[in-house]
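J.: Starting off with a structure, shown below.
The values are calculated or read from the model by the stated rules, or taken from the named source; none is laboratory data. What you are looking at is a predicted structure, and each value in this text was computed from that prediction instead of being measured. Because the Cβ atoms are built from the backbone with ideal geometry, glycine has one as well, and the counts that use them run over all protein chains shown.
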Amino acid sequence: MQDYVIEMNNIRKEFPGIVANDNITLQVKKGEIHALLGENGAGKSTLMNVLFGLYQPEKGEIKVKGKQVKITDPNVANRLGIGMVHQHFMLVHNFTVTENIILGSEPTKGGKINIEGAAQKVAELSQRYGLSVDPHAKIEDISVGMQQRVEILKTLYRGAEILIFDEPTAVLTPQEIHELIQIMHKLVDEGKSIILITHKLKEIMEVCDRCTVIRKGVGIGTVNVAETNPDQLAALMVGREVHFKVEKKEATPKDVVLEIDQLVVHDARDIPSVNGLNLQVKAGEILGIAGVDGNGQTELIEGITGLRKVKSGSIKINGKDITNLPARKITETGIGHIPQDRHKHGLVLDYSIGANMVLQTYYQKPFSNSGILNYNRIYEKAKALIAEYDVRTPSEYTPARALSGGNQQKAIIAREVDRSPDILIAAQPTRGLDVGAIEFIHSRLIEERDKGKAVLLISFELEEVMNVSDRIAVIYEGRIVAIVNPKETTEQELGLLMAGGKREREGVK
Amino acid sequence: MMQNIWKNERLFNVLVPVISAVLGMLAGAIIMVLGNYDPVVGFEALFNGMFGSPKAIGETIRAASPLILSGLAVGFAFKTGLFNIGVEGQLLVGWLASVWVGYAFDLPGVLHVIVSILAAAIAGGFWGMIPGYLKAKFKVHEVIVTIMLNYVALYVTADLIKRYLYAGNEKSYRIKETASLSSSFLSEITEGSRLHWGIAVAIIAAIIMWFILEKTAMGYELKSVGYNQHASMYAGMNVSKNVVLSMTISGAFAGIAGAMEGLGTFQNMTVLSSFTGTGFDGIAVALLGANNAFGIILSSLLFGGLNTAAPQMNFDANVPSELIKIIISLIIFFVASGYIIRVIAERFSKEGK
C-alpha cells in the first residue's frame, strides 16, 4: 500500500440536511494524473476541500504517503505538500508575479523583503517545469493562461508534491489548454502527482492515467483511463446512457427572421469590434457562430439585443427595423436571449427564482395590474416553468443564488423559451455545465428550431457548434468570413477559418 | 435543506440587531462602572426617561417620528443600491418648505397640513433628485454630491429664512394653526408631552415604502437595478431613470422628516449654524433596522427614546448624557460587526448539536 501518495478512505461529509460525500474512496498513486469526475454538485469540490483542510470529514481516514493525518486547515495541507490551483485565481492584480507568489510567507533579509532572492527561485521553478513565466511581470498585464501558471508556481514554491487542479481548462483558450496539458505531463515527469477535477471527458481521455467517478455524493469507483471510453465514463458519471451525438432531423428553413446588414458596433474602448457584418438567420434553422473569443461575438449580441449602441448598419426582425431601439422594445419584438454570463446578465441572484422568471414580463398582465404586482400569479407561473424545465430548486421562493449553475441556466432557458420568441439567441448556453445539462439544453434548442423558430447559437466550443448547428458562420475580426455546412466541414477547416485563413480548396497562394 | 438555511438567514437578520442593542447597553453599563457611576441607578433613570411615564412615552414617540422618516429615506435608497448621505440636507429643505407653506398659505385645517407636507416632500425630493440625476447622467458618485449638498442646504435655508421669513432671534415666522401637526389631544393623553400627529405620518410613510418596494412593479424594478444593473439592463429596464427615481423618493421621505420638525415639534425653523444630526442618525436607524420599514420604526423608537432620556439619566443618576451617544455608537458598532455575532452564533449552534 506504500505506493499511494494520497489515500482518502470511506470519506463521509455531511452538511445540515444533506450528505455531500458518502463513503468516497480516492487513492492517488505517486506520479500519476488522477481525474476526479462528477457532475456539477456531485461533491467533487467538497471532497477536495476535505483534503485541503477546509472541511472536517464526519467519517473516514486520510493518509498522505502512507501516514494517517488530520488536516485541520489549509496550512496543514500545505505542509503535507498538498497544493491547490483554484478555478478562480487568488491573485493581487497590481502586484508582480513574485510578489503574489511570496504573499503570506515573505522571505526577509535584515528586516526587508528579499524580492530578488524570491524572484530567482521563481525563475528557477518556472524554468524547471517549462512554465516560462516572467517573475517581474504584473498580474494585470499577463494573460489568463499565464495567471494560471502563476497559481501553479505558487503551489510549487510552497513545496507542493500533490497538486489539485480545479477545473483548470474552463477559462482557457484551446491553445492554452494544449500548453497546460504539456505542463501537467512535465510536472508528473518531475515526480509530482496531480488530481484533476473536471467534468470534461475529452480532457480525461487525453491526460489522465486513472479516474475516480462520483455521482450524487457517492463514490462510484475508479477506472483505468486506458481501458475505458468517453461513453462509459459519461454513463458512470450520470448514471444512464448519454447521447453525445445530438439527435435531430433535417432542418427545414423558411423565411428570414433575423437580417443583419453591414453592422458596425464599437467595443468599450470605442474600437470597431463588429465591422461590417452581414448575416441572415432563417426560421426553422440553428445558425451557429464559430470563432475565437474576442472577434466581435459579444458586441454582435449586445448590438442585436439593444445593450450596446450600433454605429451603423441595420438589424431587422421579420422585416421590422430594430436598430438601436431600447432593449425592452427589442425584447417585445420577439427576441429571446440566453446571455453569455448568466450571473452578470441572466439573473438577479438576490431575487427568488420565481421573481427571476418574470424579469422581462413583470410589468405585463397578469403579473402586474396597474403597477401592482400579483405575486400569486408570478409564483404560479414560476412553479409551472420549474416543473416543465426540471429546474432543481427547493421551491420557487429560493434565491437564485442558491441554485447550481446548471439549474440557473435551465431557469434562464425556461424563461426565454417560454416567451416564445421568433428568434432565440443562445450565447455559450452550456458553459460550465455537465453532460446531462448540456444534453438537455441542446435538445431544447433543437425543439425550438423544430417549432419553426430561428436560433442563433454563439459558442467557443467547436464541438458544440458542429453538433447542434444547421449552418455555421465563421466570425473573424468582426466579420462573417465564411458560411459552411457542418456536415461538409472538419474541425481543421473551421479552425483555419477562425484563425483568419482563407477557404481555399484549390490551394492558391 | 436550503429552505432551512434560508429560514436561518432570516432569523439571523432579526437576531443581529437585537443582540447588538443588548450588547450596546451592556457595554454602556460597563462604562458606567468604570466611570464610578451606579449602572443600576443609571439604567433605571434611562428606562424611566424612555417610557417611565406617559409624558416620557410621548416624548420618545415624538423624537422617533423624524428619525423614522430619515431612516426610511436611507433605507429606501439603500435597498435600491444607493447611498443617500444627503438626508440631512433634504430634511433641511423639506423643513423650510413646510414652514414656508405653513406660514404663507391660507388653507382650511387638514388641507393646509397636507399641502405643507407635500411641499416638504417635493423640496426634499428635488434635493435628492439632483445627485440622482448627476449619477445617472455623468456617473458622479452620489455619496460625494449628497455630502456637499448638505452644506448647500444648511446655508441656503439659513439665508432664505433671514431674507424672507425672519421673525428675529434667529428664528423664522411661526406656521399658522391650520398647518400644525400638534395636537392638544395627544399632548393631554401623554400628560403634557410635545407628541404630535407626525407619528401617524411616519407610520403611513413606512407603509408606503414597504408597499412600493414589495408590491409594485416600480419597486421590483428599483430593487432589481439595485441588486444587478447589468441584468436589469438586459431585462430592458431603464437604469438611469430608476436611479433618479430612487433618489427622488428617498429625498421625499427625508423632506417629510423635516416637516415633522417644522409642522410638529417646533412650528418654525431656526437659522441653523450646524446640522441637526437627524439626517445622519437616519443612517444608524436604517442600519439597525436592516433597511426594513418595520425594523426602522422599532430602531427609531429605541434611538428616539435614548436621546430623550439622556437628560433624565443625567438628572436622576448624575450620569453624563454623553454616555447615550456612546451607547448608540456601540450599538451601531455591534450591528456593523454583525459578522462577528454571526460567527459566534454559528459556533454555539454547532457545539449545541
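J.: Among the numbered criteria (1) modelled with pLDDT under 95; (2) surrounded by 19 or more Cβ atoms within 10 Å (Cβ to Cβ); (3) away from chain A (no Cβ under 14 Å), which single criterion is violated by B:G226?
T.: The number of the failed condition is (3).
J.: Looking only at region A:315-355, which residues are under 24 Å from the mean Cα position of the chain (by Cα) and either basic (K, R) or surrounded by fewer than 17 Cβ atoms within 10 Å (Cβ to Cβ) (or both)?
T.: A:D341, A:R342, A:H343, A:K344, A:D350
J.: If you take the residues of region A:10-31 that are closer than 29 Å to A:K186 by Cα and surrounded by fewer than 16 Cβ atoms within 10 Å (Cβ to Cβ), which of them is farthest from the other protein chains (Cβ to nearest Cβ)?
T.: Checking each candidate, the answer is A:K29.
J.: Got at least one residue in region B:88-104 being among the aromatic types (F, W, Y), out of contact with any Leu (no Cβ under 8 Å at 6 or more places or on another chain), within 14 Å of chain A (Cβ to nearest Cβ) and part of a helix (DSSP H, G or I)?
T.: no
J.: Regarding A:D450, is this residue in contact with a helix residue (DSSP H, G or I) (Cβ under 6 Å, 6 or more places away or on another chain) and surrounded by fewer than 21 Cβ atoms within 10 Å (Cβ to Cβ)?
T.: no
J.: Please work out which one of (1) at pLDDT 90 or above; (2) within 14 Å of another protein chain (Cβ to nearest Cβ); (3) surrounded by 15 or more Cβ atoms within 10 Å (Cβ to Cβ) is the condition A:G217 fails and give its number.
T.: Failing condition for A:G217: (1).
J.: Further question: Here is a check on your reading of the model: is A:G53 at pLDDT below 90, surrounded by 16 or more Cβ atoms within 10 Å (Cβ to Cβ), within 14 Å of chain B (Cβ to nearest Cβ) and outside any strand (DSSP E or B)?
T.: When the stated conditions are applied, A:G53 does not pass them.
J.: So which of A:G336, A:G303, A:G296, A:G354 is away from chain B (no Cβ under 13 Å) and either in contact with an Asp or Glu (Cβ under 9 Å, 6 or more places away or on another chain) or over 23 Å from A:Q262 (Cβ atoms) (or both)?
T.: A:G296
J.: Just checking, how many residues over region A:357-393 are surrounded by fewer than 22 Cβ atoms within 10 Å (Cβ to Cβ), under 26 Å from the mean Cα position of the chain (by Cα) and facing chain B (nearest Cβ under 7 Å)?
T.: Residues flagged as surrounded by fewer than 22 Cβ atoms within 10 Å (Cβ to Cβ), under 26 Å from the mean Cα position of the chain (by Cα) and facing chain B (nearest Cβ under 7 Å) within region A:357-393 amount to 1.
For (1) in a loop (DSSP other than H, G, I, E, B); (2) touching a strand residue (DSSP E or B) at 6+ places or on another chain (Cβ under 6 Å); (3) more than 20 Å from A:C208 (Cα to Cα), each residue gets a yes or a no:
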residue	(1), (2), (3)
A:L36	no, yes, no
A:G41	yes, no, yes
A:T46	no, yes, yes
A:P57	yes, yes, yes
A:E61	no, yes, yes
A:T72	yes, no, yes
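J.: Let me ask something else about it. Just to check your reading of the model, which residue among A:D261, A:D270 is part of a strand (DSSP E or B) and without any contact (Cβ under 8 Å) to a residue 60 or more places away in the chain?
T.: Just one listed residue meets the conditions, A:D261.
J.: Okay, next question. Looking at B:Y220, is it in contact with a strand residue (DSSP E or B) (Cβ under 9 Å, 6 or more places away or on another chain) and within 14 Å of another protein chain (Cβ to nearest Cβ)?
T.: yes
J.: Does A:P486 satisfy the condition of being at pLDDT 90 or above, more than 20 Å from A:L172 (Cα to Cα) and outside any strand (DSSP E or B)?
T.: The answer is yes for A:P486.
J.: Is it true that some residue in region B:312-319 is within 14 Å of another protein chain (Cβ to nearest Cβ), touching a Phe, Trp or Tyr at 6+ places or on another chain (Cβ under 9 Å) and not in a helix (DSSP H, G or I)?
T.: No: zero hits.
J.: When you go through A:I194, A:I214, A:I183 one by one, which is the residue that is among the β-branched types (V, I, T) and within 21 Å of A:D434 (Cα to Cα)?
T.: A:I214
J.: Can you tell me how many residues in region A:309-333 are away from every other protein chain (no Cβ under 14 Å) and under 22 Å from A:K453 (Cα atoms)?
T.: So the answer is 9.
J.: Among the residues of region B:273-280, are any on the phi < 0 side of the Ramachandran plot, touching a Gly at 6+ places or on another chain (Cβ under 9 Å) and not polar (S, T, N, Q)?
T.: For region B:273-280, residues on the phi < 0 side of the Ramachandran plot, touching a Gly at 6+ places or on another chain (Cβ under 9 Å) and not polar (S, T, N, Q): present.
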